[in-house]
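Since the structure comes first, as structure tokens, the remarks are kept for the end.
The values are calculated or read from the model by the stated rules, or taken from the named source; none is laboratory data. All figures in this text were calculated on a predicted structure; none of them were measured in a lab. So basically every Cβ, Gly included, is an ideal-geometry build from the backbone, and we count neighbours across all protein chains shown. Calculation scope for accessible area: heavy atoms of the full protein, side chains included, ligands and nucleic acids excluded. Shrake-Rupley method; radii C 1.70, N 1.55, O 1.52, S 1.80 Å.
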Amino acid sequence: MNTDIRYIFLDLGGTFRVIDEDPAYLSAARAKIAGLCGVETDNPNQWFSDVIDKRYDKYRDWALKFMCEAPEEVLWTRWLAFDMDRERILKNASELTYQYRQTKGRRTVVEGGAETVKELCARGYTLGIIANTITETEIPDWMCHDGVADCFKTVILSSKVRLRKPDPAIYLLASRCIGSAPENCAYVGDNPVRDVEGAVDAGYGSMILFEDAGAADREGKAPTVMPDYRIKAIPELLDLFPPRS
């Protein structure tokens, strides 16, 4: 680990935010998607499973193969709702993407997360976010709503930059945007393959794996490199990053 870490980037899903899979919440989002698409169905849950989820699986295969992300409009008009009213889908693309995210659950910041990032800022570190996500607006909106927007100088979303982790290019882009050499950056993520390999390949000075009980590799690969540190809770970052002089 580089001892001169000045910049800390965080992953979001499974690291800084966790999901509450409330069935009623998920069903409401699926029904909303059906309505936005102009689909009339007595069983939006089944329609979503049979149509949207299966199409998303094909999209995800493409995104992983080429390590890129489609814009919201392309995601819906090319992949998820290509056989529906194009003008309607284009008009609703942003809201459709937001609601698709909600079909996975209600996202909340991990315990002690907000307090930890505020303390890291107070200790003299500059923070950023690097996240794979299909949404372009949900994350900035959440940051403002939860009062943490000022904590993060640079926010790199795959939906915006068209790159995905573990491509080291997205990590290198983040370090350039925040104004740092990669070796002075640390990354905190929960995926033992995608997060660790990407940060290491980009030459980041430190990689911290947040070992959430539900986190696991989602690409079906075995880890080839190890993190510098493993933590069980986000507040443990304060043990790794003391106040800067």
Return only the number of the condition from (1) at pLDDT below 95; (2) surrounded by fewer than 18 Cβ atoms within 10 Å (Cβ to Cβ) that ASP190 does not satisfy.
(2)
Are there strands (runs of 3 or more DSSP E) fully within the stretch 1-114 with at least 3 residues that are open to solvent by less than 40 Å² (accessible area, probe 1.4 Å)? List them.
7-10
Expected output for the stretch 149-173 (first residue over 14 Å from VAL188 (Cα atoms), partner acidic (Asp, Glu) and open to solvent by 40 Å² or more (accessible area, probe 1.4 Å), Cβ below 8 Å, 6+ apart or cross-chain) is PRO168/ASP201
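Counting just the residues of the stretch 5-47 that are touching a Gly at 6+ places or on another chain (Cβ under 6 Å) and of a type in the set (A, V, I, L, M, F, W, C), which one comes out farthest from ASP228 (Cα to Cα)?
Ranking the qualifying residues of the stretch 5-47, first place goes to ILE19.
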Which of the residues spanning the stretch 116-157 are over 20 Å from ALA169 (Cα atoms) and of a type in the set (Gly, Ala, Ser)?
ALA122, GLY124, GLY147, ALA149
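Going by the structure shown, is TRP62 touching a Cys at 6+ places or on another chain (Cβ under 9 Å) and either of a type in the set (S, T, N, Q) or farther than 30 Å from VAL188 by Cα (or both)?
On the way: touching a Cys at 6+ places or on another chain (Cβ under 9 Å): yes; either of a type in the set (S, T, N, Q) or farther than 30 Å from VAL188 by Cα (or both): no.
Considered against the rule, which asks whether it is touching a Cys at 6+ places or on another chain (Cβ under 9 Å) and either of a type in the set (S, T, N, Q) or farther than 30 Å from VAL188 by Cα (or both), TRP62 comes out as no.
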Selection from the stretch 40-75 of residues within 19 Å of the chain's Cα centre (by Cα) and hydroxyl-bearing (Ser, Thr, Tyr) yields TYR56, TYR59
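Would you mind stating whether GLY105 is at positive phi and in contact with a helix residue (DSSP H, G or I) (Cβ under 7 Å, 6 or more places away or on another chain)?
On the way: at positive phi: yes; in contact with a helix residue (DSSP H, G or I) (Cβ under 7 Å, 6 or more places away or on another chain): yes.
So GLY105 passes the test.
Considering only the stretch 135-179, state which residues are hydroxyl-bearing (Ser, Thr, Tyr), assigned to a loop (DSSP other than H, G, I, E, B) and crowded, with 19+ Cβ neighbours inside 10 Å.
To start, the set of residues in the stretch 135-179 that are hydroxyl-bearing (Ser, Thr, Tyr) comprises 135, 137, 154, 158-159, 171, 175.
Checking which are assigned to a loop (DSSP other than H, G, I, E, B) leaves us with 135, 137.
Scanning the stretch 135-179 gives a single hit, THR135.
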